[in-house]
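Single-structure report; data block below.
Every number in this text was worked out from the coordinates using simple rules, so none of it is lab data. It should be emphasised that the depicted structure is a prediction, and the values quoted were computed from it without experimental measurement. A quick note on method: Cβ atoms are made from the backbone with ideal geometry, for glycine too, and the neighbour counts reach across all protein chains shown.
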Amino acid sequence: MATAEVERKRGQLAALSIAVVVVLVGVPLWWRTTETYRAWLPVNQINELAELQLQLSVDVEVVFSRGTLMPEQQKKVPFTRTQEEAQKVDDDTTLRYRYESKYRTANIMEEDALKQPTAAEADLSLHTLSASPCGSVVVYVIPETSVLLPQGVDVYIGHRRTAVLRMGAPMSVGKNHKQLLAHLEPRITQVVQVMSFSHTDITAALSDRVRLSPGSKESLADSMRSFKSSPGYEITFSLLNPDPKSHRLDWDIEGAVHSYIQPLLTKLAPLANFSIDSQILYYAMLGVNPRFDSSLEAYTLNADSLAHVINPVEARLGSNAASSNPVLNFLLYVPDAHHSPLYIHDHQKQPVASNAFHSPRWGGIMVYNVNDLYGRGETPLPVNININMEKVMGVFLAQLRLMLGVQSSPAPPGFLVEPCGGAGLADWELDRLMWSRTVENVATATTTITSLAQLLDQIGNIVINDNIASQVSSTVTSLQLAVAELEAGNLGFALQYSKEAILASERAFFDPSLLHLLYFPDDQKFAIYIPLFLPMCVPILLSLIKIASEARQRRKLKQSKKD
Amino acid sequence: MAARRCLGLWFFLITLCVVSTGADVLHTTPVTGTESSAAGTETVVARELPEAPSDPGEHTAAEPTREGEQNDRTRGGEQTLGQPTREEEQEQEKTREGEQTPAQPTREEEEEEEEQEQTRGEEEFTREEEEEELTREEEELTTEEEELTREEEEQTREEEELTTEEEELTTEEEELTREEEEQTREEEEEQQTTAQQEEQTKRWEATELEEEHVHDAAVPPLAGDPPAADPPSPPPSKDDFQEELVIRPLHSGDIYASFQFRTVWDADFMGDQKVSHYRLFPKSLGQVITKFSVRELHISFTQGYWRTMQWGQPYLPSPPGAELWVWFQDTVTDVDGTWKELTNVLSGIFCASLNFIDSTNTVQPSASFKPLGIGNVTDHSFLRYATLPREIVCTENLTPWKKLLPCGSKAGLSVLLKSEKLFHSTFHSQAVHVRPVCQDPQCRTTSMELRQTLNVVFDLHTSGQGKREWSLFKMFSRTLTEACPLASSSKVYVDVTDNPQGEQFELSPATPLLTQAVVLGDRRTYSVYDLTQQASFGSSRSLNMLLRWKNSHNNVVPPVMLRPLLHSERYVAGYGLQAGEIHTLIYNHHPYRAFPVLLLSAVPWYLRLYIHTLTVSSKGKDNRPSYIHYQPSKDRERPHLLEMLLQLPPNSVTEVTVEFERALLKWTEYTPDPNHGFYVGSSVISALVPSVVAMDTNSTLDRPLFSSFFPCKEEASYFMRVYTEPLLVNLPTPDFSMPYNVICLTCTVVAVGYGSLYNLLTRTFQVDEPSPGLAKRIANVIRRFRGVPLL
């Protein structure tokens, strides 16, 4: 009996120890060998970024020229003054605008500059005096009586980052400085909104992140016209020659690009890389047959049919094989002799002056009629035709500005905005673009990185390699830096970091290694595990149950004995 | 062996001597009475004459033409003439021995010449370079040796021994061949004094492209050329586009159509200035070339296999499937990375699976693929070569190819390219070749050349309904109505060499223009239709050429086709799924000339080649390759690369065999249809084949496109590439439910073992009364029955 008892004890011990070995060695081994590799991701920081709190700071320098301030006002006007404005865009996006105004009086040289006969000259000489940094605004306040600005104009905005503001009439009467500032501040804010950013610009830039309430059709069209922010753009000019038999076209695209497009792109260089190509496509037809209008003795394309023009042509354009940047297409269509002249009509059935149209986020098409360049029929075909590039490039340049988002929203009344000159872009326009592009980049990068984190969190089978983890963390650092630089008002650096962030986030999101999903359906897993686990675990479980029940019985026995 | 070769050559020269006197009379017959053409001839000769005596090869090369012409251009006659009788052979041997000694002093001259050639950057097969490569190769081998595993090391050592032996052999051979050449020189110098005058006419013939008006002899020869048709455009155009279609009736009754479109652009892709404004050159390709710093790019897609023995040589050879080879500029630092990106981009452009090109099927040939354009690059680390024999070519590859043409498929010859007909053919091959070429003979400036070629063979029975009658409409279901307005030249050539008097077939509409071109070492005659001339289209305003054979009903066998001088076969031998043997047969059908060929084969890593079993034999004897470059494979990393230089004896079959073992793949590495087998790409044979006629070495001269693709460096021989069949090899293929079965089985075994162990450990054992055995129980029953006490 004693030996039997010892045997049973030994058996129980053996069963227990096997169970322990299985739990301590087998289960971790199984776990370790079947797990997918997932590198560590900065999830907390990503979640912080998901709640985006952007603060945009602008340095505004307000310079009072002689005759605008009373001496006692001059003493009391504070040196700096900060004005903040918070806007809640949606649940996890808040925007704060911060205008840091510095007040000072003009020095002698600036006074001299302001005495120039015209505002444009004043603007130029003020610029030579001091170059203000990227993203800042200088407002010169001139007295009511000044002749620098023409009648009826209160604010003048030049090519650089300076504006000239006429002191309003009621303030020429001296009052205390608080009233003066209270009077000036809304006007200065208005100037700054034109020259750097307005709330509508910024919310439009956030469209990737925030679903906007559907506004009017026009504003939607406006917001969708320009290209998304991207680190580079490919600009392609294509000359479409549908009938090389009757005319041979020559265009000096190299010269035209050099003199018209390149200055603008040089100016935009901090924003993105641009590359320019051109090609000539022969036998490229439009998708619609233009209708002959006998009253005009010309062929016409209606605004409704313009949508169908692009598709057949686009098949011939060819995508850029060497890069994956978005392509801006500019097509010059020279209709053949039998369908010429060809005019584009707008919705009101009026001919469009430029004879060109554009398609949002795609490019522009211009029709160039050459029928008057044909001889009187006696010249042998094909006729050689040189295209007037000045006319063409004027249209394309305007379209390019639209596509890139250099749109000047109509200035408020009383504002005089100097039209853009040879460079095609004023400094403050560039700043404006940079503000919205930076915000857009930050918004896009945060959405990309948060959705990536969500995806990886939801699907546990995706392998996360180290390079993806490093891309993600570099995105996060760049984003944090960009946000910080925006807060500090360093627009240039902010843009730079936001570009880095967007590049890194795209690389992480589109990394091909994420596609290698180690995915096994559950039924297959069970089919493979059952032959091993079932015969192994059942005896262990049974003996454990037996041991437990025996122990319970013994305890009961002991209790009854005690009783 | 060498002696016999000398003998053959010797005999050849003598026959030439005999024949040459009567030849030029025959040659001039088509040109009789054309004063102006004779004048043209003389000017050409005057220009080229000073150079003439210095070239040893040209006389021998030029003369066979006459012989050929005398025999009505059929080679059959030439062959019978070429067979030496026994007595003659002996006689010649005597004379040869007599003349061999005076030939010796000219050796120095010969060497000087060789030096000159080298400075000119001549063809890869010249002896000097061969030696260079040999030494370089040896260096490579020694460095490689250290890396190799022990087994491979042994192999390479063997191989090295082999090559050193070879070297000795080649030097011997070389001497012999030099002697031969000297003899020919001697011979020629003798001839030269007598035959100076004939020489001149002959040279003119070599430059070809004399366009003769058969009907209207008074018209000066070059009047029909396209430049006259072009209205003079004011600015000198920087790019130029030409298109051309060659139709060659094949002896099997099939018909071969070869399109070539050539765009030449004076843009400097190699410079620092970025090229970005495109006119005729396709933008997509130009961007690729610029971005990846490509010097030369050759890509071909082929469906079907070119049957050399039935069809003769193609104008542009290509292997079945896809082939891509690229020379990068020497500014590229990471060649492998660039290659990978490039293949991916090209895969997108041509809608092909070129993205499957990776390191396991890419090789760097050391000698076989020299740049075809200008630039004497020798560092083959900038070269990448890959084939995809599995690639199926279809419409989706044709459409992007057509998009690269300036006229698309809207005008010109490209209207014929309709996929429903093109792919209803026995053989279809389309290719794109980009290379830098010289603009002028002095090669001061270079330009980029893009050649798009498309070759198609229509079958007599499937496309032709068994009737030997072909027309453009029957082939392509379209006719020609105009030339591409952008093309400076647009021509259709029909090969009428076998049909000089119209006795074989009838060609309508008849064309007054005839031209001769030297292509693939043979002089061919072509009828030309110039599409830039309105007259070509006739009154119906459309051109629908019709070739109708006269003997279409009665089965008169057409004249025997010339046997191609070089062709090859390849097959896998052996049985079972473990080992095998690759046999490559290379045929030299030249009756009396031996010539060297370069054989390249790239074999995937899963066929493990045993290089020590490599044997090369011709005519039953061992044929030692004079140069071997072997790069062993690495599993899942790179394929085997075997290149060797072989001397093919005249009229012989050379057999190259190598044994291999099939590797077991991982289960994810099998293709979706593993029992179909695994493809091994075609071997490539590159050769300088001795030419029957003098080849034209001036590459900038205006020539038909089909005859000007491979640059020709010397007149006596022409370059040719032959692709063997791809192989289909069965690998040991597992049952793919096996992994699951194995898992289940092992799990069960483990479970059973574990179960018994567990039982042993946990059960308690008790001593039990053993129950009585069966016999005892039966006995007890009986005992009880009997009343006897139990046991």
Here the alpha-carbon Rg of the stretch B:263-351 over 2.2 N^0.38 Å rounds to 1.29
Expected integer from the mean partner chain Cβ neighbour count at 10 Å over A:275-285 is 6
What net charge is computed for the residues neighbouring B:Pro639, neighbours being all others with C-beta under 12 Å from the C-beta of B:Pro639, Lys and Arg scored +1, Asp and Glu -1? +1
If you count, for every residue in A:532-542, the Cβ atoms of partner chains within 10 Å of its Cβ, what is the mean? 4
Which lysines have a Cα less than 23 Å from the Cα of A:Lys9, not counting those fewer than 8 places away in the same chain? A:Lys546, A:Lys556, A:Lys558, A:Lys561
The helix A:2-21 Cα axis meets the longest alpha-carbon principal axis of chain A at an angle in degrees, between 0 and 90 and rounded to 10, of 10
Structure shown: which of B:Lys283/B:Lys418; B:Lys370/B:Lys634; B:Lys418/B:Lys474; A:Lys499/B:Lys340 lie over 18 Å apart, alpha-carbon to alpha-carbon? B:Lys283/B:Lys418; B:Lys370/B:Lys634; A:Lys499/B:Lys340
FRET efficiency estimate (nearest 0.05) - Cβ-Cβ, B:Thr668 to A:Glu85, R0 45 angstrom: 0.15
Average other protein chain Cβ within 10 Å of Cβ, residues B:751-759: 4
To the nearest 500 deg cm²/dmol, what mean residue ellipticity at 222 nm is calculated for chain A from DSSP H runs of n ≥ 4 alone, each contributing -39,500 (n - 2.57), summed and divided by the residues? -14000 deg cm²/dmol
Quote the relative contact order of the stretch B:559-687 in percent (integer), defining contacts as alpha-carbon pairs under 8 Å separated by 6+ residues. 34
Give me a comma-separated list of calculated 3J(HN,Hα) values for the stretch A:301-309, in order, Karplus coefficients 6.51, -1.76, 1.60 applied at θ = phi - 60°, integers in Hz, x for any Gly or Pro. 10, 7, 4, 5, 8, 4, 4, 8, 6
Let's test the formula: R0 of 35 Å, r as the Cβ-Cβ distance of B:Ser359 and B:Ser419. What FRET efficiency results, to the nearest 0.05? 0.55
Could you pull out every residue, at least 5 positions away or on a different chain, whose amide H is within less than 5 Å of the one on A:Glu144? Hs are placed 1.01 Å off N in the peptide plane, and Pro or chain starts have none. A:Met167
Search the structure for amide H atoms under 5 Å from the amide H of B:Phe505, placed 1.01 Å from N in the peptide plane, and list their residues when 5 or more places away or on another chain. B:Lys550
Using per-residue counts of other Cβ atoms within 10 Å, averaged over each peptide, order A:159-165, A:553-559, A:255-261 from highest down. A:159-165, A:255-261, A:553-559
Taking amide H positions as placed 1.01 Å from N in the peptide plane, with prolines and chain starts having none, which residues 5 or more places from A:Asp293, or on another chain, fall under 5 Å of its amide H? A:Ala298, A:Tyr299, A:Thr300
Net charge within 11 Å of B:Thr362 by Cβ-Cβ distance, Lys/Arg positive one each and Asp/Glu negative one each, not counting B:Thr362 itself? 0
How long is the gain from A:Ser125 to A:Asp523 if the chain were fully straight, where each residue apart is worth 0.36 nm and the alpha carbon distance is subtracted? 135.4 nm
Relative contact order, percent, of chain A when contacts are C-alpha pairs under 8 Å separated by at least 6 residues? 18
Charge tally in the Cβ shell below 10 Å around B:Ile289, where Lys, Arg are +1 and Asp, Glu are -1, B:Ile289 excluded: +1
Note, ³J(HN,Hα) from phi for the stretch A:469-478, Karplus 6.51, -1.76, 1.60, rounded to Hz, x at Gly and Pro: 4, 5, 4, 4, 5, 5, 4, 5, 5, 4
Determine ³J(HN,Hα), in whole Hz, for all residues of the stretch A:506-511 in sequence, where each value follows from phi through the Karplus function 6.51 cos²θ - 1.76 cosθ + 1.60 and θ = phi - 60°; x replaces Gly and Pro. 5, 5, 5, 5, 9, 5
Sequence of B:Arg262, A:Arg96, B:Arg444 once ranked by neighbouring C-beta atoms within 10 Å, starting from the fewest: B:Arg444, A:Arg96, B:Arg262
